[in-house]
1. Accessible area per residue, 1.4 Å probe, Å², for the range 20-145: what's the number?
2. Starting from the Cα-Cα distance between residue 145 and residue 125, subtract it from 0.36 nm times their residue separation and give me the gain in nm to one decimal.
3. Any idea what the dipole of the chain comes to, in debye rounded to 20, about its Cα centre with Lys/Arg Cβ at +1 and Asp/Glu Cβ at -1?
4. With the crude spin-label approximation of a point 7 Å out along Cα→Cβ, what separation in nm comes out for residue 203 versus residue 54?
5. Which residue fluctuates most in the GNM of the chain (Cα springs below 10 Å): 159, 207, 63?
6. Name the residue from 154, 193, 176 whose Cα lies farthest towards the positive end of the charge dipole of the range 54-207, charges +1 on Cβ of Lys and Arg and -1 on Cβ of Asp and Glu.
7. Would you indicate which of (1) 45, 37, 37; (2) 59, 39, 36; (3) 52, 38, 33 is the value of Cα extents along the principal axes in Å derived from the coordinates of this structure?
8. Select from the range 149-220 those GluC sites (Glu not before Pro) which occupy a DSSP coil region and have at most 12 other Cβ atoms within 10 Å, ordered by residue number.
Amino acid sequence: RPAATLVMVRDGDGGPEVLMMRRPHRGAFGGLWVFPGGALEESDHSDRCRRAVSVPVDVDDLPWRAAAIRETAEEVGVLLVEGAPFLQASDVGGTSIYEEVLSNGRRLDGGRLRLLSQWVTPEGSPTRFDARFYLTRCEGDPVLTLDPAEAEEATWVNPGEALDRMSQGVWPMVTPTVHHLRWLEGFEDADEAWEAAGRLTPERVTPLIESDGSRVRLRL
């Protein structure tokens, strides 16, 4: 299933912070700490979406960028729009974000995303995702409005602190989340991470699950 994830970073007192949320205790990612995101929907491929989302002329991944923005708005209530730092999704409302944005004379800002990576769930998993991870910078402190069906809690956290909580068994995570936190841990501020993302040439990563009969290893 094609999917898109948005890694939102901002500057905090101790360096960059990333927005993370905990999934409800159900489904494939039940109880895990993740970045906002989800599967692409039919509306992400529509003409209405193409009119509602602006992207650079040299990219061909508009549906994925649109889905990353849409899912973030649905899950934590923060919307990326042109000409404004952020818009609270509740100000747009409606069953269709694209339709509501157009009716309000706005466009979603797909140009504020940079592709970090593409991860495919290993073979043998009950549900397999082909997920693209995007980075965006956030200024200020937008109000988070959570959809309880999607997120039980959400917070801004330093990547190193999030990794410490994972290693202590407090915040369970999947491998791609850990991978991106380790990448973010190496930067002093959000601008440095943004510039580094612009120099990346993302490749498709398909982890392999290997077993020697006594232990299981994940090979990237």
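1. Working: 5650 Å² over 126 residues.
Using a 1.4 Å probe on heavy atoms only, each residue of the range 20-145 averages 45 Å².
2. Working: separation 20, 0.36 × 20 = 7.20 nm, distance 3.15 nm.
That works out to 4.0 nm of additional length.
3. Working: 24 positive and 37 negative charges, 140 e Å.
Around 680 debye, computed over the chain.
4. It is 3.5 nm.
5. Looking only at 159, 207, 63, the biggest GNM fluctuation is shown by 207.
6. Result: 176.
7. Structure-derived value, by its label: (2).
8. Sparse-neighbourhood loop GluC sites (Glu not before Pro): 188, 203.
The values are calculated or read from the model by the stated rules, or taken from the named source; none is laboratory data. Keep in mind it's a predicted model, so treat the numbers as computed, not measured. Using ideal geometry, Cβ is built from the backbone for each residue, glycine included, and neighbour counts are taken over all protein chains shown. Only protein heavy atoms, including side chains, enter the accessible area calculation; ligands, DNA and RNA are left aside. Shrake-Rupley method; radii C 1.70, N 1.55, O 1.52, S 1.80 Å.
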